[in-house]
Amino acid sequence: MAQERSDFVVFLFPSVSHALTAEKLLKAAGITHKLIPVPRHISSDCGVCLRITEEQRPTVAELLRGRVTWEGEAPLEVQV
Amino acid sequence: MDEEKRQEVESGKTTTVDARGRACPQPVIMAKQALEENERIKVLVDNAPAVENIRRLAVKTACGFAVEEKEGGFWEIVLTRTGPIEARSGDSASAGPGNELLSCAADGDQRNVALVVALSDDHMGRGDDTLGNILIRSFVHTLLELKPRPATVICYNAGVKLALKDSPALDDLQALEKSGTEILVCGTCANYFGVTDQVAVGHISNMYDIVETLAGAGRVVRP
């Protein structure tokens, strides 16, 4: 699944476990995502984050709300 | 270099090794050979890594070291030893001409030093497999940021699982391949796991290729 050039956002979590829980939810919901290291320019205690496309942002937020806490969302510039 | 030494050098008592134009690790090997036969040598080199490597040779063999940058883009190094060089290098565990002295790759000049990444598992590190799987995925993703990119990535044993069509690391491996990295997938391993038809990146390879690639690598990284 080669990613087309598009706008991505990352969801940041307070811990690796939170990120994993969120990933399971996305997987179960069939939402394309990628677990990646937190980009250098963003600081987070947890070293991994979930990357999704900008369009999926509301869907993902809706899915995660009440099920797993996240610390923030940040746009991600893609270097292709 | 003080005046007295300079006079000795210029009076011809010193053997001169001209290692200009020689690629690492030649200068340090030449210097070491000359040092075994002479108590004082002068080495001419034309790159900074060679100076550093010879400085390390001097420290390890307890030789006197003096360097001077010359007009025309080269350095003149004078090495002087007081005792036999064999006694000192012989009591270390090193085999060959002082392998630990050489850092051809680490001194900023990384061209032509093939980096091979060996993915031997679908986890990174030992302790917890869930965590290990997150780590290996992050590792493969971050390989894309390396410059230069690895020459080859080899997937073997459970590492082949990273190259399957449902692997979360597949798109990263495909991106690496697209950017010129060769991806080798161990055929025996894919067969053993019964996933040969699911390999979605690189090419199925055999032990001959794997051995040759590892043996010919400048550096091997195994996460």
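With a cut-off of 12 Å between beta carbons, the residues surrounding A:LEU63 carry a summed charge of +3, where Lys and Arg count +1 and Asp and Glu -1. Over chain A, the ratio between the Cα radius of gyration and 2.2 N^0.38 Å evaluates to 1.00.
Does region B:122-217 come out rounded, prolate or oblate by the C-alpha gyration tensor, with a ≥ b ≥ c the root eigenvalues, rounded set by a/c under 1.5 and, if not, prolate when a/b is larger than b/c and oblate if not? Please report the intermediate quantities before stating the final value.
Details: a/c = 1.37, a/b = 1.05, b/c = 1.31.
It comes out rounded by the Cα gyration axes.
Once R0 is set to 51 Å, what does the formula 1/(1 + (r/R0)^6) return for the Cβ-Cβ distance between B:THR16 and A:GLU62, expressed as a FRET efficiency to the nearest 0.05?
0.10
Add -39500 (n - 2.57) for each DSSP H run of 4 or more in chain A, then divide by its residues: what number comes out at 222 nm, to the nearest 500 deg cm²/dmol? Intermediate values should be presented prior to the final figure.
Numbers: 2 runs with 21 residues, N = 80.
Mean residue ellipticity at 222 nm (helix-derived): -8000 deg cm²/dmol.
Across the options B:LEU164, B:ALA151, B:SER138, the greatest Cα extent toward the positive end of the charge dipole of region B:110-190 (unit charges at beta carbon of Lys, Arg, Asp, Glu) belongs to B:ALA151. Both chains summed, the buried accessible area for A and B stands near 1000 Å², from protein heavy atoms and a 1.4 Å probe. With the whole protein complex present, B:HIS123 retains an accessible surface near 40 Å², based on a 1.4 Å probe.
Let's see if you can work this out: charge +1 on each Lys and Arg Cβ, -1 on each Asp and Glu Cβ, no other charges. What is the dipole magnitude of region A:28-80 about its Cα centre, in debye to the nearest 20?
Magnitude of the dipole: close to 160 debye.
With K and R counted +1 and D and E -1, the other residues having a Cβ less than 12 Å from that of B:THR130 yield a net charge of -2.
Computed from the Cβ-Cβ distance with R0 of 35 Å, the FRET efficiency linking B:SER120 to B:GLN33 stands at 0.40.
The values are calculated or read from the model by the stated rules, or taken from the named source; none is laboratory data. Values in this document were obtained by computation on a predicted structure and should not be read as measured data. Positions of Cβ are backbone-derived with ideal geometry, glycine not excepted, and every protein chain shown enters the neighbour counts. Side chains included, ligands, DNA and RNA excluded: accessible areas come from the protein's heavy atoms. Shrake-Rupley method; radii C 1.70, N 1.55, O 1.52, S 1.80 Å.
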